[in-house]
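This report refers to the structure that appears directly beneath it.
The values are calculated or read from the model by the stated rules, or taken from the named source; none is laboratory data. These numbers come from a predicted model, not from an experiment. As a convention, Cβ positions derive from the backbone with ideal geometry for all residues, glycine included, and neighbour counts pool all protein chains shown.
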Amino acid sequence: MTPSDDAKSPPEADKVHENTQYAELHALLQKRRFGLRFPAGLEGAFRRYHANESARAFRSIVFYVLLLYLALGIGIIYITPWQALDLWPVGYLGLGLIILAAAILSRLERFDRYYELQVTGLSFAGMALLVVLPFLIRDELMRRLAMIGIIHGLVVVSAALGLRFFPALMAMVGGGITGLVIAGFTGHTLEWLMVHQTFTGGCLIGAFLAWLAEKRSRQVFLQRQLLAMEKARSEALAEQMRDMSRHDNLTGLANRRYFDEVLAHEWLRCRRNGTFLSLLFIDVDFFKHFNDHYGHQRGDMCLRQLANVLQSFARRPGDFASRYGGEEFVILYPQTEPDTAGALAGDILRFVSELKIEHRYSSVADHVTVSIGVASLAPAEGEAPEQLVKAADHAMYLAKRGGRNRIRQYHPKRVPPSETPPGHSRDLPM
């Protein structure tokens, strides 16, 4: 029976959701004819992304734009007779103040969050003033130049500020119509032909540019979302592969390679802290006989049962159980005194015996037993972790030679790591 979606575990449900989301994003990108709205959840993410990107770009150029605008105004005043300017400097100054306000707002903490609202409002006011400006000038040539300037303003609003299509359209059309209404109420005669040639034509060009810019922004957003998901997948896969390379497939415990890494790390940590590092070396008694008579499947099952027991004895965050190879296991106990390590070994020995895994071909019991070697060292400068491993291995050898199904604790003397560490050993009570 196929489990329902409700019965799926959280990781499986998350994976299904991720795959569905990836397919939806990919389908949207492949269409290349998407409108100016995504599904609800994705639309919100796009708007936040678009606002942040637009705000960042705006912040990086706005002061340069202000300086350029100032230089342009000074140049126009310098080359144009003062009488021809009429009230143009007043309108030009008003536009400059709007740009200055935008520059100041761009430095505020919440500018990115409310970017579209603030810039749309300022653009609306700027367009209204830009449309009114030509009607403040009596000189025919300057008036026509000011009317042409409306087109420039519309292009800036639609293409340079990073507004989405509808906010840009609102600023351009709404601001322009507001300016025309103000000019009409103040008694100025509207030259409709010039208005259509500049304002209406500029709005059409600006609307197209704004639509094109938003479409491109949405496409880039989808590509970035897909790349982020692919990166997350790659990182998860790499982590999974890294985890697989560190663990034994049969028992689920850490493998020897991972054990060597952890041992080196804990050795340095205990050396810094001046504390003991204890190691239990565990070997299954007469395991070859078990495999030969019960079969490898039963042997694998036996090793998994023992691995579960050993893992249950690695309780603290620093404790570390690992399969060392074949039927050999190790448990590392950082900051653990020799007596405590010996007591833990005794508990393990009893727990394994209580499993009562049948083994009629063992010479020491009718069930599976283990031999455990225990070694403890307080790492010192110039010593290597291999000394602890050799000591625990030697203790385990002594336990097997002494009759198996027992614990032997070995206390090595300080010698170079290349030599087998001499020392003294003792049997621990079972």
Hits in the stretch 301-355 (condition: farther than 19 Å from Ser278 by Cα, of a type in the set (Asp, Glu) and surrounded by fewer than 15 Cβ atoms within 10 Å (Cβ to Cβ)): Glu354
Options Gly184, Gly153, Gly162; residue that is crowded, with 18+ Cβ neighbours inside 10 Å and part of a helix (DSSP H, G or I): Gly153
Some residue of the stretch 71-80 being assigned to a helix (DSSP H, G or I), under 26 Å from the mean Cα position of the chain (by Cα), more than 21 Å from Gly126 (Cβ to Cβ) and not aliphatic (A, V, I, L, M): no
Selected residue (only one of Ala171, Ala183 is closer than 28 Å to Arg48 by Cβ and either of a type in the set (Ser, Thr, Tyr) or in contact (Cβ under 8 Å) with a residue 40 or more places away in the chain (or both)): Ala171
Inter-residue pairs, beta-carbon under 9 Å, first modelled with pLDDT of 90 or more and in the stretch 85-98, second polar (S, T, N, Q) and surrounded by 15 or more Cβ atoms within 10 Å (Cβ to Cβ), 6+ apart: Ile98/Ser123
For Leu263: the one exception among (1) in a helix (DSSP H, G or I); (2) at pLDDT 90 or above; (3) within 30 Å of Ala314 (Cα to Cα); (4) not assigned by TED's automatic domain parsing to the domain that holds Val330: (4)
Positions within the stretch 322-351 being of a type in the set (Gly, Ala, Ser) and closer than 17 Å to Ser376 by Cβ, in sequence order: Ala341, Gly342, Ala343, Ala345, Gly346
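Out of the stretch 370-395, which residues are within 18 Å of Phe287 (Cα to Cα) and crowded, with 22+ Cβ neighbours inside 10 Å? Before you say what the answer is, go through the steps one by one.
Going residue by residue through the stretch 370-395, those that are within 18 Å of Phe287 (Cα to Cα) are 370-373, 393.
If the condition is that a residue be within 18 Å of Phe287 (Cα to Cα) and crowded, with 22+ Cβ neighbours inside 10 Å, then Val370, Ser371, Ile372, Gly373 are the ones that fit.
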Residue satisfying condition, being in a helix (DSSP H, G or I), of a type outside the set (Asp, Glu) and under 21 Å from Ala341 (Cβ atoms), within set Ala391, Ala375: Ala391
Lone unmet requirement of (1) out of contact with any Ser or Thr (no Cβ under 8 Å at 6 or more places or on another chain); (2) surrounded by fewer than 20 Cβ atoms within 10 Å (Cβ to Cβ) for Tyr258: (1)
Any hit, the stretch 281-300, residues being under 39 Å from the mean Cα position of the chain (by Cα) and touching a residue at least 60 places away in the same chain (Cβ under 8 Å): no
Residue match in the stretch 68-91 (condition: under 23 Å from Val173 (Cβ atoms) and surrounded by 15 or more Cβ atoms within 10 Å (Cβ to Cβ)): yes
Matching residues, the stretch 201-219, being under 14 Å from Gly162 (Cα atoms), without any contact (Cβ under 8 Å) to a residue 60 or more places away in the chain and not aromatic (Phe, Trp, Tyr): Gly206, Ala207, Leu209, Ala210, Leu212, Ala213, Arg216
All positions within the stretch 28-50 that are loosely packed, with under 15 Cβ neighbours inside 10 Å, modelled with pLDDT under 75 and part of a helix (DSSP H, G or I): Gln30, Lys31
Members of the stretch 51-67 found to be surrounded by 15 or more Cβ atoms within 10 Å (Cβ to Cβ) and farther than 19 Å from Asp112 by Cβ, listed by number: Leu66
Flag for Arg143 being surrounded by 19 or more Cβ atoms within 10 Å (Cβ to Cβ), basic (Lys, Arg) and in a helix (DSSP H, G or I): yes
